[in-house]
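Okay, so here's the structure we're looking at.
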Amino acid sequence: MKTLRIILSSIIGLTFFALFVEGFHSSLPVALGAGSLTFLAGMLMFSPSKNKEQKKPRVKPAPKQKKKNITMPGDDEFVCDGITRGELRRIVREGKEQVGRIEDIGLKIMNHKVRIEILEICTAAGDIFDNFLKDPKDIKESRRFIVYYLDTTERIVSKYYELSKATYLSDDAKKTLINVESTLVLIKDSFRNHLRKLTENDILDLEAEVKVLQNTIKREGI
C-alpha cells in the first residue's frame with residue numbers, strides 16, 4: 001500500500017513539474033517546487049485515514065437456552081406414591097405440548113375425515129392428562145400411553161402429513177396412507193378406552209370409600 005502511494009504521488013509530482021516547465025515556461029526551481037508540493041500533497045491524499053472505521057467483529061448470537069423448569073412451593077411434596085407435585089406438573093405440561101403439536105399437524109391435513117380423527121385423538125389425549133391432575137395415581141397405569149403411544153402417534157401423523165402433500169403417489173404409497181387412516185381410528189378408540197378405564201377406576205375407588213364409610217357408620221351406630 002505504501003509503495004503504491006509513492007508511485008501515484010510521484011506521477012502527480014512529475015506531471016506538475018512537466019506542466020510548469022513546458023506549459024507555463026517556469027524556471028527550473030519553480031517547477032521543482034511545484035512538483036515537490038504536489039508530490040507531498042499526493043502522499044497526504046493517498047495516506048490511510050486514521051478515522052477509518054475498523055471492522056467490528058461479528059458477535060455470535062447467544063445460544064438458545066433451554067426452558068428452565070420453574071419450581072414452585074410444594075413441588076417436592078408427594079401427590080401419590082413415587083410422584084411429586086413438580087413431576088406431576090411436568091408430565092401434564094409436556095404431554096399437553098405434545099398433544100398440541102399433533103393437533104397443529106392435523107389441522108394442516110386436507111382430508112377432512114382424517115383431520116377429524118386426529119382432532120378427536122387429541123381431545124381424548126388431552127382429557128387423559130386432565131385426569132392426571134384429578135387423580136395422579138393414574139399416571140402409573142398410563143406409562144405406556146405417555147412413553148410409547150403418544151410419541152408413536154405424533155410420528156405417524158407427521159409422516160402422513162408429509163406423504164399426503166406429494167403431487168404424485170405410487171400405489172404402495174396410497175396403500176400406506178389408507179393403512180394409516182385405519183390405524184388412526186384404532187388409536188382414537190384405544191385412547192378413549194384408556195380414559196374410560198381410568199374413569200372406571202375412579203368410580204371403583206369412590207364405591208369402595210362409600211362402602212367403608214357405610215360399614216363404619218353401621219358399626220358405630222351413628
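Bear in mind these aren't lab numbers, they're just calculated from the coordinates by the rules spelled out. What you see is a predicted model; the values in this text were computed from it and never measured. All Cβ positions, glycine included, derive from the backbone under ideal geometry; neighbour counts span all protein chains shown.
Would you grab the residues whose amide H sits under 5 Å from the one on THR84? Only those 5+ places off in sequence or on another chain, please, with H modelled 1.01 Å from N.
VAL79
Roughly how many nanometres apart are two label points built 7 Å out from the Cα toward the Cβ at LYS96 and LYS137?
Each label point is offset 7 Å from its Cα along the Cβ direction, giving 2.4 nm.
Between ASP75 and LYS211, 0.36 nm times their residue separation minus their Cα-Cα distance comes to what?
45.6 nm
With a/c under 1.5 counting as rounded, go ahead and sort segment 76-183 into rounded, prolate or oblate using the C-alpha gyration tensor (a ≥ b ≥ c being the square roots of the eigenvalues; past the cut-off, prolate if a/b is larger than b/c, else oblate).
prolate
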